[in-house]
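These notes are about the structure you will find just below.
The values are calculated or read from the model by the stated rules, or taken from the named source; none is laboratory data. Note that the structure is a prediction, hence the values are computed from the model and not measured. Backbone-built Cβ (ideal geometry, glycine too); neighbour counts: all protein chains shown. Please note that ligands, DNA and RNA were not included when accessible areas were found on the heavy atoms of the full protein model with its side chains. Shrake-Rupley method; radii C 1.70, N 1.55, O 1.52, S 1.80 Å.
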Amino acid sequence: MWSRKTDERCSWRQLPWKWLVALVFLIPIGRVEAHPNILMNYRVLLNFQNHKIDAIGESWTFDQTFSQTLLDTFDTNHDGKFDTEESSKMGDTVLANLADADYFTYLWSGPERVEDLVPSNFTATLARGVVTFAFTMVLPSPISPAHVRLEIKDPDFVVLPEPTEQQPVLVRGDTGDCVPKVSDAPDAFDFSGAFPQDQITVRCN
């Protein structure tokens, strides 16, 4: 599933996973000196309305070890899945404590950063041993796709987000002649040069 063999470079399998859940998703923290300990594949949906982007959908799929820890932490009735109440509680907890990290979602329209993105419609599901979060962000106002740049990243570098290998960016609605593209981010940060940062842009002819 993972496009880079990060688990060979990191000691994340030896770390205390209950502590990592608290660190990343349960306790608001500031920037720390770290290398990625949690692996996450993401897929993005760009929703177009009248040829402008008015919402972003995201799905985050975690590695199996961290997924098991999420299950142990939030599956309170121990039935091996997340019911509606458990999913809602996870969303309330996780999203509240990712607010300071802007929910790992950094969007620009030209040189201007798009602020005040707030997730809604959060769901957590378990399939084939991995947990996936899904949610939607409605933009404060629709933006032109021509100069859009989107990065999914953890500023504390505890989570390593990577685009899915298959269809990392989907589009829906009045896209016109606009096509999304995934490439290296110009302001990429990494750990010892090992983990390049990706960006999503849109090209319109």
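Within the bounds of the stretch 90-100, is there any residue that is in a loop (DSSP other than H, G, I, E, B) and open to solvent by 60 Å² or more (accessible area, probe 1.4 Å)? No, the stretch 90-100 has no match at all.
Within the stretch 169-183, being in contact with a Pro (Cβ under 9 Å, 6 or more places away or on another chain) and either assigned to a strand (DSSP E or B) or open to solvent by less than 50 Å² (accessible area, probe 1.4 Å) (or both) holds for V169, L170, V171, T175, C178, P180, V182. May I ask you to list pairs of residues, at least six apart or on different chains, whose Cβ atoms are under 7 Å apart, with the first in the stretch 121-139 being within 14 Å of N41 (Cα to Cα) and the second being of a type in the set (A, V, I, L, M)? The qualifying pairs are V131/L70; V131/L71; V131/A124; F133/A124.
The set of residues from the stretch 48-64 being farther than 30 Å from P140 by Cα and part of a loop (DSSP other than H, G, I, E, B) comprises just one member, D63. Within the stretch 79-97, residues that are touching a residue at least 40 places away in the same chain (Cβ under 8 Å) reach partners that are outside any helix (DSSP H, G or I) and of a type in the set (S, T, Y) with beta carbons closer than 7 Å, at six or more positions or on different chains, in the pairs F82/T125. Residues of the stretch 122-143 that are open to solvent by 50 Å² or more (accessible area, probe 1.4 Å) and either in contact with a helix residue (DSSP H, G or I) (Cβ under 7 Å, 6 or more places away or on another chain) or under 22 Å from N50 (Cβ atoms) (or both): T123, L126, V138, P140, S141, P142.
I need the full set of residues from the stretch 101-123 which are outside any helix (DSSP H, G or I) and within 12 Å of the chain's Cα centre (by Cα), in order please. Matches in the stretch 101-123: T105, Y106, P119. Selection of the stretch 65-82 for residues being in a helix (DSSP H, G or I) and not small (G, A, S) yields T65, F66, Q68, T69, L70, L71, D72, T73, F74.
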